[in-house]
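The values are calculated or read from the model by the stated rules, or taken from the named source; none is laboratory data. Because the structure is predicted, anything quoted here is derived from the model rather than measured. In this analysis, Cβ positions are derived from the backbone assuming ideal geometry, glycine residues included, and neighbour counts consider all displayed protein chains.
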There are 2 protein chains.
Amino acid sequence: MARLSLNTATTKGWTLREAVEGAARAGLPAVGLWRDRVAEAGLEESARIVREAGLRVSSLCRGGFLTAADDAGIDAALQDNRAAIIEAATLGTSELVFVVGGLPAASTFGGAALPYPADRAADGEASTSSEAGRAVVPGADPARDLVASRQRVADRIGELVPVAQEHGVRIVLEPLHPMFAADRAVISTLGQALDLAAPFPAETVGVVVDTYHVWWDPELERQITRAGAEGRIAGYQTCDFLLPFAADPLLSRGHVGDGYVDFATITRWVTAAGYTGDVEVEIFNQTIWDTPGDQTLATMAARHRTHVLPHL
Amino acid sequence: MARLSLNTATTKGWTLREAVEGAARAGLPAVGLWRDRVAEAGLEESARIVREAGLRVSSLCRGGFLTAADDAGIDAALQDNRAAIIEAATLGTSELVFVVGGLPAASTFGGAALPYPADRAADGEASTSSEAGRAVVPGADPARDLVASRQRVADRIGELVPVAQEHGVRIVLEPLHPMFAADRAVISTLGQALDLAAPFPAETVGVVVDTYHVWWDPELERQITRAGAEGRIAGYQTCDFLLPFAADPLLSRGHVGDGYVDFATITRWVTAAGYTGDVEVEIFNQTIWDTPGDQTLATMAARHRTHVLPHL
């Protein structure tokens with residue numbers, strides 16, 4: 001269990017202190033923290049709790065939400081991400097996971113899905129897309145312009161890189177499953193994340209491999225190999241893909257072994273790529289959230305031992 | 001409206017004859033047919049109904065479901081697809097759309113989602129993946145082996161190509177949204193579909209671009225351009241991506257303009273790639289199915305005129 005980390009989103013009912021103590025009881029060496037739990041406990045206090053429990057912080061979730069097109073939205077995103085970088089440094093982790101945000105019309109700062117007005121792109125709507133650096137497509141709707149949204153993510157990363165470097169923190173780009181491209185993350189594949197990271201040093205911009213989001217990708221082996229060769233694998237998150245979908249597909253994540261992911265194969269690819277860091281378990285699932293934390297940790301450890309550990 | 005085609009799945013409540021008559025009333029030149037509607041009306045009779053209405057058949061849906069690993073499943077798939085090829089030829093369309101099937105554990109012949117037993121890959125399960133042509137990964141579970149499932153699709157296509165050639169029919173590979181990779185189609189991107197098509201002549205194996213399935217793909221422009229250059233774009237299907245998801249995400253398809261797809265941009269890519277064929281509207285959506293067919297056709301034509309036609 002020397003590399004197994006509990007992400008606090010898996011035991012949602014626990015405070016940060018409870019999660020840290022639970023992980024320590026279960027013999028885990030690390031925790032992945034969400035900023036909401038850190039904010040509840042206080043930043044310095046959170047750092048102290050983890051340190052005194054003798055654990056390490058495998059990652060901080062999450063920065064990102066960089067796709068705003070208006071000045072106020074851009075400023076707010078930069079400000080929030082500067083704060084997140086400082087929080088990561090204070091907590092003693094170098095890995096700050098970025099969920100980069102969806103299309104402007106759908107992406108709220110918290111990432112919730114919004115119904116989209118059907119008449120938004122009707123006749124008479126402004127028919128210009130004036131993003132610098134790409135051809136204007138007459139009739140294109142800026143609110144749905146995925147190419148321009150992705151360019152804004154690249155621009156914001158470039159602006160945040162010096163801040164991350166100053167604090168010794170790595171911006172960890174997380175490709176999300178394409179079902180979340182509209183409302184949560186316009187980075188949809190590992191290859192795309194690596195392309196976005198390419199202009200920057202590997203110690204400042206990396207990627208995380210979350211099995212739930214990338215298991216389906218026909219390019220996965222090749223891109224994991226590439227990520228390893230570039231020194232950019234900043235994290236490996238294990239979580240299964242369940243069917244049928246939960247009412248909110250974000251909650252269709254499950255314990256390793258309960259769904260369709262081929263953990264043996266993907267874990268071997270990650271290992272072959274040279275990754276030796278923590279394996280973080282981050283599951284959003286109402287049934288698991290309704291289960292006592294210690295029981296969740298026991299299941300999590302057992303599944304890790306069966307399905308992942310033999311291939312690390 | 002000279003290129004707009006009604007796929008019979010959009011007007012689910014209509015028989016084949018009703019759909020053909022409805023399309024003709026609306027001034028459409030073509031219909032896309034599903035095999036269930038053809039079977040109800042009878043194959044020869046269906047061909048006659050379309051011919052006498054003066055319409056063309058833009059495509060037949062669907063062949064595929066090629067991922068079975070057992071001999072009986074393989075034989076059944078080959079037999080069914082041979083029948084589908086003959087049906088397409090009889091109906092006078094060269095384009096037979098293939099939905100290739102999901103993982104063996106989840107893919108039924110009809111493509112329904114099945115809950116997957118949680119203990120399927122528990123300790124003690126057979127730990128061999130003996131698919132020819134790939135390295136055996138100890139511990140890999142054949143039921144979840146995506147790489148091997150994709151290889152079986154390639155093998156079955158190779159076996160069906162001579163049959164398709166004999167009947168002058170094109171096998172049209174449809175990449176499905178990655179949210180369906182487990183239970184419906186292990187082809188998840190246009191690039192992957194083109195890689196699978198590459199060994200065969202363009203007039204025998206092509207691809208269809210369905211906006212619902214591919215809109216999120218960071219490689220989309222490049223792969224549409226490639227598909228055009230290779231002469232493999234066999235169809236363009238327009239359908240929007242709605243949020244929040246329907247209880248069954250397959251039904252989260254919507255009328256053009258109601259969701260997040262940037263039709264201006266994608267349509268221009270398809271046009272720039274040289275595609276001059278029909279634009280088929282195929283929507284699975286309970287609200288639309290509950291709407292009178294003529295009204296659905298009117299909405300469909302209006303949305304096409306506003307969002308797609310200016311970019312063709």
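Brief remarks on what is shown
- Residue list for the range A:159-194, restricted to those being in a helix (DSSP H, G or I) and more than 10 Å from every other protein chain (Cβ to nearest Cβ): A:GLU159, A:LEU160, A:VAL161, A:PRO162, A:VAL163, A:ALA164, A:GLN165, A:GLU166, A:HIS167, A:LEU190, A:LEU194
- Residue tally, condition surrounded by fewer than 18 Cβ atoms within 10 Å (Cβ to Cβ) and among the aliphatic types (A, V, I, L, M), over the range B:277-300: 1
- Qualifying residues in the range A:251-276 (those that are of a type outside the set (Val, Ile, Thr) and surrounded by fewer than 17 Cβ atoms within 10 Å (Cβ to Cβ)) - the one nearest to the other protein chains (Cβ to nearest Cβ): A:ALA272
Rundown of residues vs (1) surrounded by 14 or more Cβ atoms within 10 Å (Cβ to Cβ); (2) at pLDDT below 95; (3) among the hydrophobic types (A, V, I, L, M, F, W, C), yes/no style:
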site: A:TRP14; (1), (2), (3): yes, no, yes
site: A:GLU21; (1), (2), (3): yes, no, no
site: A:GLY27; (1), (2), (3): no, no, no
site: A:LEU33; (1), (2), (3): yes, no, yes
site: A:GLY42; (1), (2), (3): no, no, no
site: A:ILE49; (1), (2), (3): yes, no, yes
site: A:ALA53; (1), (2), (3): yes, no, yes
site: A:ARG56; (1), (2), (3): yes, no, no
site: A:THR67; (1), (2), (3): yes, no, no
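- Residues in the range B:233-245 that are of a type in the set (A, V, I, L, M) and facing another protein chain (nearest Cβ under 10 Å): B:LEU242, B:LEU243.
- Cβ-Cβ distances below 6 Å connect the following pairs, each with a first residue in the range B:286-305 that is touching a residue at least 60 places away in the same chain (Cβ under 8 Å), a second residue that is in a helix (DSSP H, G or I) and among the hydrophobic types (A, V, I, L, M, F, W, C), and a separation of six or more residues or different chains: B:THR296/B:ILE288.
- For the range B:207-226, the set of residues classified as crowded, with 24+ Cβ neighbours inside 10 Å and farther than 21 Å from B:ARG184 by Cβ consists of B:ILE224 only.
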